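The values are calculated or read from the model by the stated rules, or taken from the named source; none is laboratory data. Keep in mind that what you see is a predicted model, and the values were worked out from it rather than measured. In this analysis, Cβ positions are derived from the backbone assuming ideal geometry, glycine residues included, and neighbour counts consider all displayed protein chains.
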């Protein structure tokens, strides 16, 4: 059963109570496939059995998979091959952070509530969550649009506004598109707004045969030659073309939503813009309509970091000198 099939949505108190008992938390994560269940024959000695044991000397969790045969003594971390592997946070901290992140709690509140000493640790875990988003979006990526559909296209500049010397905006150009019928969105950063940059990006994200609505920017002029039907709206004269009814109001409202909700208010690095845009699309596609956003995100964690028993077996079969 997938995590998201629970009859009632989890609230923070549910997560809080779940983390009271580490053994129960591990069992819950194992049942939901987020961490590995390595119970069974020991892959090293073959005669023993791996069972879950308390071991305060092995990692921060105090639990480990250990072979019953004393002469073997093989140990496997309960985090082996999972999303939690290598983290210095406790499982309880990670599970609580995940809830806070899913419900978009302010970073300074998360750091205080979880007593995370380093801001860099919190930044890292926020990025780990966005990496899950990026992996899933890439795996499920497909073009929007197609014959009989309409996609609104526009570019926008993201970045801090500088008021010295001409009120110029420093930041990064972003191309966005939204399919009216399905409300599917794509967002991608650009090096510039030239036709050589814009047109390949559109071909990558929008299926041929789509009716595309743009403003009158000259870089879009060859869309008709590339297999699209193009409608335009001249924003210097009106917001909606009086003859064709063409407008880009939907993508314009998407820009407002992204800028107000999809990005940090300040301090965004250029190199991270794509990850924030992917997070926005991921939340829109996978979380906004989910019965339980927290469990829905855990389902995606399981997709990306499915514990692999075969890799564990290959590792523990190595001679002791190599471990």
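Results for (1) surrounded by 19 or more Cβ atoms within 10 Å (Cβ to Cβ); (2) at pLDDT below 90, shown as yes or no for each residue.
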position	(1), (2)
96	yes, no
112	no, no
124	no, no
143	no, no
168	no, yes
197	no, no
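Within segment 14-67, restricting attention to residues that are on the phi > 0 side of the Ramachandran plot and in contact with a strand residue (DSSP E or B) (Cβ under 7 Å, 6 or more places away or on another chain), which residue is surrounded by the fewest Cβ atoms within 10 Å (Cβ to Cβ)?
Residues of segment 14-67 that are on the phi > 0 side of the Ramachandran plot, as a first pass: 33, 40, 46, 59, 62.
Filter once more, keeping what is in contact with a strand residue (DSSP E or B) (Cβ under 7 Å, 6 or more places away or on another chain): 40, 59, 62.
On the way: 40: 11, 59: 14, 62: 15.
Among those residues, the one meeting the criterion is 40.
Scan segment 33-44 and report the pairs whose first residue is outside the structural domain of residue 23 (by TED's automatic domain parsing) and whose second residue is surrounded by fewer than 20 Cβ atoms within 10 Å (Cβ to Cβ) and part of a strand (DSSP E or B), with Cβ atoms within less than 9 Å and a gap of 6+ or a chain change.
Short answer, once both residue conditions are applied: none.
Let me confirm something: among 203, 252, which residue is assigned to a helix (DSSP H, G or I), over 30 Å from residue 123 (Cβ atoms) and touching a helix residue (DSSP H, G or I) at 6+ places or on another chain (Cβ under 9 Å)?
Values: 252 fails: touching a helix residue (DSSP H, G or I) at 6+ places or on another chain (Cβ under 9 Å).
Residue meeting the stated conditions: 203.
Among the numbered conditions (1) at pLDDT 90 or above; (2) assigned to a loop (DSSP other than H, G, I, E, B), tell me where residue 164 comes up short.
The number of the failed condition is (1).
Filter segment 74-94 down to the residues that are in contact with a strand residue (DSSP E or B) (Cβ under 6 Å, 6 or more places away or on another chain) and assigned to a loop (DSSP other than H, G, I, E, B), then identify the one that is modelled with the highest pLDDT. Break it down into steps so the answer makes sense when it comes.
Taking segment 74-94 and keeping what is in contact with a strand residue (DSSP E or B) (Cβ under 6 Å, 6 or more places away or on another chain), we get 74-76, 78.
Subset that is assigned to a loop (DSSP other than H, G, I, E, B): 74, 78.
Numbers: 74: 86, 78: 89.
Looking at the filtered set, the residue picked out is 78.
Could you list, in sequence order, the residues of segment 44-56 that are over 18 Å from residue 85 (Cβ atoms) and in a loop (DSSP other than H, G, I, E, B)? I'd like the intermediate steps shown before the answer.
Going residue by residue through segment 44-56, those that are over 18 Å from residue 85 (Cβ atoms) are 44-49, 51, 53-54, 56.
44, 45, 46, 47, 48, 56, listed by residue number.
Checking the condition in contact with a helix residue (DSSP H, G or I) (Cβ under 9 Å, 6 or more places away or on another chain), without any contact (Cβ under 8 Å) to a residue 12 or more places away in the chain, outside the structural domain of residue 209 (by TED's automatic domain parsing) and farther than 30 Å from residue 218 by Cα, which residue from 121, 90, 105, 135 passes?
Details: 121 fails: without any contact (Cβ under 8 Å) to a residue 12 or more places away in the chain; 90 fails: without any contact (Cβ under 8 Å) to a residue 12 or more places away in the chain; 135 fails: without any contact (Cβ under 8 Å) to a residue 12 or more places away in the chain.
Testing whether each residue is in contact with a helix residue (DSSP H, G or I) (Cβ under 9 Å, 6 or more places away or on another chain), without any contact (Cβ under 8 Å) to a residue 12 or more places away in the chain, outside the structural domain of residue 209 (by TED's automatic domain parsing) and farther than 30 Å from residue 218 by Cα leaves just 105.
So residue 147 clears everything in (1) buried (at least 18 other Cβ atoms within 10 Å of the Cβ); (2) over 26 Å from residue 274 (Cα atoms) except one condition, right? Which one?
Failed condition: (1).
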